[in-house]
Every structure is written in C-alpha cells, then in structure tokens.
1. What nm value, rounded to one decimal, do you get for the distance between Tyr138 and Thr31 when each label is placed 7 Å out toward the C-beta?
2. Of the listed peptides 145-156, 180-191, what is their order by residue-averaged count of other C-beta atoms within 10 Å, with the highest listed first?
3. For a quick check: with amide H placed at 1.01 Å from N, whose amide H comes under 5 Å from Cys160's, ignoring anything fewer than 5 positions away on the same chain?
4. Give me the net charge of Ala183's neighbourhood, meaning all other residues with Cβ under 10 Å from the Cβ of Ala183; Lys, Arg count +1, Asp, Glu -1.
5. Applying the Karplus parametrisation 6.51 cos²θ - 1.76 cosθ + 1.60 with θ = phi - 60° to the phi angles of the stretch 40-46, what ³J(HN,Hα) value in whole Hz is obtained for each residue in order, glycine and proline being reported as x?
6. Taking θ = phi - 60°, what integer Hz values does the Karplus form 6.51 cos²θ - 1.76 cosθ + 1.60 yield along the stretch 63-68, in sequence order, with x for Gly and Pro?
7. Taking 0.36 nm per residue of separation and subtracting the Cα-Cα distance, what length does fully extending Arg103 through Ala38 add?
8. Just to check I understand the Karplus step: with θ = phi - 60° and J = 6.51 cos²θ - 1.76 cosθ + 1.60, what whole-Hz values come out for the stretch 88-101, glycine and proline as x?
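Where a number appears in this text, it was derived from the coordinates with a stated rule and is not lab data. Here the structure is a predicted model, which is why all the values come from computation and not from measurement. Cβ coordinates were reconstructed from backbone atoms using ideal geometry, including for glycine residues, and neighbour counts include every protein chain displayed.
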Amino acid sequence: MSDGGPEESGGAVGLPSRHRRRTPMSQWDPTSRLSYWAFHANRRPAYMRFAYLQLGSDAAAEEAVDATFDSIMNEWPRMLHMDRLDAYAWTVLKLCLVDRQHRRSPWPEPMDISAFEAALKEAHADQYEVLTDTIRFYSAVSRLVERQRDAVLLRYGLQCTPGEAAAVMGVDEGTVRSQLGQAHRRLARLLDTSAES
C-alpha cells in the first residue's frame, strides 16, 4: 500500500505502508513489547476462529492471522497512539483475509457451519430441512453489508457476546447491537423471499 491512504486524523485510520521504516521490536521500550504480546494473546484466538469461518481451513486461517500480526507488529509503536487501535487491527485482519482469499483456488473449502447447524437442529427434526435452511441462511448472510456480516458471524458463528464482538471489531457495543438489529431485519426479508421462491 502507498502512503496516500487514509490517515489517523478525522477518525479514519491509516493502513500499513510498505514505505514506512519500521522500528524493530528489539528497540521498543519494555511497555510497548508487553502491550503487543498482551494484545496478541488476547486477540489471536478470536482472529483465528473468524479467519477459519472465512477461509475454511486451519492452514489458511493461520497464514492470514500470522500475516495480520506481522503487519500489526510492524506498526505497533504507531498504533499505540491511535484512538481506535482495535478497529485498525480488525481492518488489517480483514485485508489479510481478502488477500488470502484472492490467492486461493477458485473452489474454496466449505466453511465450518456447525454452530449454525446446531441452532437450526433445535427447531427441526428433518436433516434435509436443516441442510436446506443452513444453505439459505448462509446465502442470506453473504448478502449482508460487510459490518453486519462480521457482527453476525462473530455473534452467531463464533458465539461471541455483543460486547466481545465489539471488542474484537474495535467498535462500541451499541454499534454491534445496531448492526445485528439491521442484519436481523435484512435476513428476515431475504429468508422470506428465499422461502417464497
């Protein structure tokens, strides 16, 4: 990416630049090193689970998350001065996932939809009906806007609370609740249309 991207002023976050000279971790002060590793330990599990939902394989998810934390490490001293550090890190993860998806074969591996299937099985006894409903649901989720889709996947695919989803995405809990509400209304319309057709 070039330096011409958005900067931190005005609420937008500047994304990593290949041209910016990074400070090696060995030259960081102890507090910065500790804060990076604390952030890494705190966010990596959720990032891995989200990446797996998106990419469908452990290897692909690990590659994308490793690339995410490499980028974050390169920018960490600058990130410590950001108001929305978590939002910036989430954006880096999303960019790494998009990059990984572009480099994959045209036939992606199936996502792990066990959490969605388990929820649907509670309402249905018929396995065929569960499969049909799961496919319809995933098709509808894929048509949501990105932030709504992220909130739905974190909340229902990964069983995060709205507060946990908000922390991972770097937004307020009220924002996640609003996105979930909008997603529910949109999904209801999409699923109703799908059922009619």
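1. 4.7 nm
2. 145-156, 180-191
3. When sequence neighbours closer than 5 places are left aside, the close amide H contacts are Arg155.
4. Around Ala183, the surrounding residues sum to +4.
5. Along the stretch 40-46, the couplings run 4, 5, 6, 9, 4, x, 5 Hz.
6. Those phi angles translate into 4, 5, 6, 4, 5, 4 Hz.
7. 20.4 nm
8. 4, 4, 4, 5, 4, 4, 4, 5, 5, 5, 4, 4, 5, 5
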